[in-house]
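A short write-up of the structure that comes next.
The values are calculated or read from the model by the stated rules, or taken from the named source; none is laboratory data. Because the structure is predicted, anything quoted here is derived from the model rather than measured. Ideal geometry is used to build each Cβ from the backbone, glycine not excepted, and the neighbour counts take in all protein chains shown.
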Amino acid sequence: MLKTFTFTLMHFCIAFAVTYALTGSVVAGGLVASIEPLCNSVGFYFHEKLWQRIEGRKVARQQIPAHAWLHHQA
């Protein structure tokens with residue numbers, strides 16, 4: 001849990017620092033540092049769903065005998 005907390009803190013600090021360096025605004029830096037991790041979390045959820053679907057298809061293909069797979073592809 002400590003590792004997750006320190007990673008989150010690092011992520012927040014980087015988002016703030018980059019935005020502050022680009023804009024010179026503490027307010028913009030704080031907003032981006034607050035909102036960007038939330039957006040990444042939502043994006044990560046859909047990214048995981050996509051990869052679960054891809055992995056599921058790989059497993060399904062591995063369970064089909066080779067001769068049936070070749071026939072299925074034709």
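The residues in the range 16-67 that are surrounded by 12 or more Cβ atoms within 10 Å (Cβ to Cβ), at pLDDT 85 or above and over 26 Å from Thr4 (Cβ atoms) can be counted, and the count is 3. Please go through the range 1-15 and give me each residue that is assigned to a helix (DSSP H, G or I) and either loosely packed, with under 11 Cβ neighbours inside 10 Å or among the aliphatic types (A, V, I, L, M) (or both), ordered by number. Hits for the range 1-15 are Leu2, Lys3, Thr4, Phe5, Thr6, Phe7, Leu9, Met10, Ile14, Ala15.
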